[in-house]
1. Apply the a/c threshold of 1.5 to the C-alpha gyration tensor of the stretch 13-83 and tell me whether it is rounded, prolate or oblate.
2. Tally Lys and Arg at +1 and Asp and Glu at -1 over the other residues with C-beta under 13 Å from the C-beta of residue 463: what net charge comes out?
3. Modelled label-to-label distance, residue 301 and residue 474, 7 Å Cα→beta-carbon offset: nm?
4. Just the number: Rg to Rh for the stretch 170-217, Cα atoms, Kirkwood Rh, two decimals.
5. With an 8 Å cut-off on Cα pairs and a minimum separation of 6 or more residues, tell me the relative contact order of the stretch 193-349 in percent.
6. At 222 nm, what helix-only mean residue ellipticity would the chain give, in deg cm²/dmol to the nearest 500, using -39500 (n - 2.57) for each DSSP H run of four or more?
7. So in the chain, what percent of DSSP beta bridges are antiparallel if you round to the nearest 5?
8. Between residue 97 and residue 205, what length comes free when the chain is fully extended (0.36 nm per residue of separation minus the Cα-Cα distance, one decimal in nm)?
Amino acid sequence: MQQVERTMRSENLDRREAIVLAQRAWEAMSLRARISVIARLRQSMAVGARELAETVPTNLPGLLHRTVADTLGSEIVPLIAACQFVVREAGRILKTRRLGRRGRPLWLTGVQTEVERAALGVVLVVGAGNYPLLLAGVQTIQALTAGNAVLWKPAPGTAAAAVALRALLLECGLNPDLLTLLSPEVESVSDAIAAGVDHVVLTGSAQTGKAVMRQLAETLTPATMELSGCDAVFVLPGAELEHMVRAIGFGLRFNGSFTCMAPRRVFLVGLREDEAAQIEARLAAMARELAPVPLPAKTEELLRGLIADARGQGAEIALDGLGDCGDSREAGATLIYRATPAMRAMRGDIFAPVLSLMRTSDLGEALAANGACPYALTAAIFGPEAEARRLAGRLRVGNVLINDIVIPTVDPRVAFGGRGRSGFGVTRGAEGLLAMTTPRTVQVQHGRIPFAYEATGDEHVELFAGLAKVLHCDGIGNRWDGLKRLVRAARRLK
C-alpha cells in the first residue's frame, strides 16, 4: 500500500492541458459511447469482485474488523449496481429537453427552446477512508458518464483500491487522461484547486468542508459537500421493539461505527415510563454485546470529552466504552441516558460507537431537541407508518428512513446528501447524475418581430400595461379593458 501511494505524484496536475483536451473530446462523444465504457466496467467488476474487494485495506480505523465479505456487501455490490443504474437510466436522465408551445410567452412566438445537459469540465473527487471504493467510485462513474474528466484524491491508506478501479476503467476503454489519481496527502486537494478545477465533490468532515470551501471561494468554484452526521432516531409509540433494537445495533456496529449515518441520538417520543425503561434496557443489553473498535488518538480524546461533558451535565453514563476497555486504545459502546440537547454528544460528529438517549413528552419536544443539532444528514423513525410519515415531513434532513437504518440508502436510484453542517448538494441517483452537469439552453428564433428590437419610450407604457392585463388578469372585464388599451396603443405606434 505505501509503495502504491509513493508512486502516485501530484505532478499529474501539470498535465492539465492534456486532461482538458481529453475531457472535451469525451464530452463530444455520444452518450451511448460513454455509457458503453461503464457497461463494460460493470461486467469487469462482477467478474473480479473478490479481487477488487481485497484491495480495500483492513489496517485502518473502522476497517480493522471488516472482512472481504463485508467489503463485497457494503461497497463492491452496491458499486456494480450504481453502474447498472447509469447504463439503464443515463440516456433518459441526460436527454435534451425540448420545450413546446405550452407556457411560452406570447411575445416569444417563433422561438424554439432546448435545454441540454452539459458536462462541468474537470471534477475533483475527494474520497473518504471509511468507504474508499463505493463513495468516490459512484461519484467518479457519474462524473465520467456526464462527460467530465475526474481528478480522484483517495483517502490516505486507500490508494490501492483507487488504482485497481482505474485500471479496470482503462481496460474498458477509458482514455487515461480522463481519470487522474492524485496523491493521498491532504495537500493534493489544495494543489488541484489552485491548478484549476470546475467542480469539487468532497466526502469528509464538516471541518474539512469549511477549509476546502475557503479556498474555493477565491475562484467561485462550485462544490458538492457530503459532510458529517450526528443522526437521530425517533421511537414512536407502537414501534416494534426487537426490530428497532436490532436495527440500531446494526447501525452502531456497521463498519466499526465509522459511518456518517450511524445512529447517535435516540428520542423516545411520548412513551410511558415502563416502555421507555424497557427500550433503554434492551439497547443497553445490545450495546454490551458489540465488539470494541480501535480509535485514533484524536477520536479517543474527543470521546473522553463527550463522556465527561455528559456526566457533568447530569446524564447517566450507562455504558462507558472507554472505561470498560482500559488502556487498550479500543472502545466499546458508550450509552448515555437522560441526554439533553445542550450536551456535546447530542451536537457533535464522531466516528465511535456512541448513543445518547433522551426521553421526550411529545413530538414537539423531540423536534425542538433535534433542531438544536446543527447536523442534518439522515434520520430514522420507528413506529406505525402513518405517524412516521407525518413526522418525516417535518424533519430537516436529506434522507428519512422509516423502520430501518442505513441500508436503504445504498439503492443506486436514491440521491444522497445532507443539510446544515452535513453539507449541501447530492450525489448518486438521478439527481446526483444531473449534479455532474450544468443546463445549457439553446434558443432559435424562427419568427421575425422587428419592433422587438426598437427602443421603448412613454408611448409604449399603455402597450405593455394592456398586454399585462390581457395575459394575466382574472375576470373578463379586466381582460377586455386590457385588450382595448393594447389596441389603442398599437394604433398610435403605427
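1. Oblate, because a/c is 1.5 or more while a/b does not exceed b/c.
2. Details: positive: 469, 484, 485, 488, 491, 492, 494; negative: 454, 458, 459, 462.
Neighbourhood net charge equals +3.
3. 6.4
4. Numbers: Rg = 12.9 Å, Rh = 12.4 Å.
Using only Cα positions, Rg/Rh for the stretch 170-217 is 1.04.
5. Working: 199 pairs, mean separation 29.7, N = 157.
So the answer I get is 19 percent.
6. Details: 18 runs with 207 residues, N = 494.
Roughly -13000 deg cm²/dmol at 222 nm, from the helical runs in the chain.
7. Numbers: 22 of 59 bridges.
Rounded to the nearest five, the antiparallel share is 35 percent.
8. Working: separation 108, 0.36 × 108 = 38.88 nm, distance 3.68 nm.
Fully extending the segment from residue 97 to residue 205 adds 35.2 nm.
The values are calculated or read from the model by the stated rules, or taken from the named source; none is laboratory data. Computed from a predicted model, the values in this text were never measured in an experiment. Cβ coordinates were reconstructed from backbone atoms using ideal geometry, including for glycine residues, and neighbour counts include every protein chain displayed. Please note that ligands, DNA and RNA were not included when accessible areas were found on the heavy atoms of the full protein model with its side chains. Shrake-Rupley method; radii C 1.70, N 1.55, O 1.52, S 1.80 Å.
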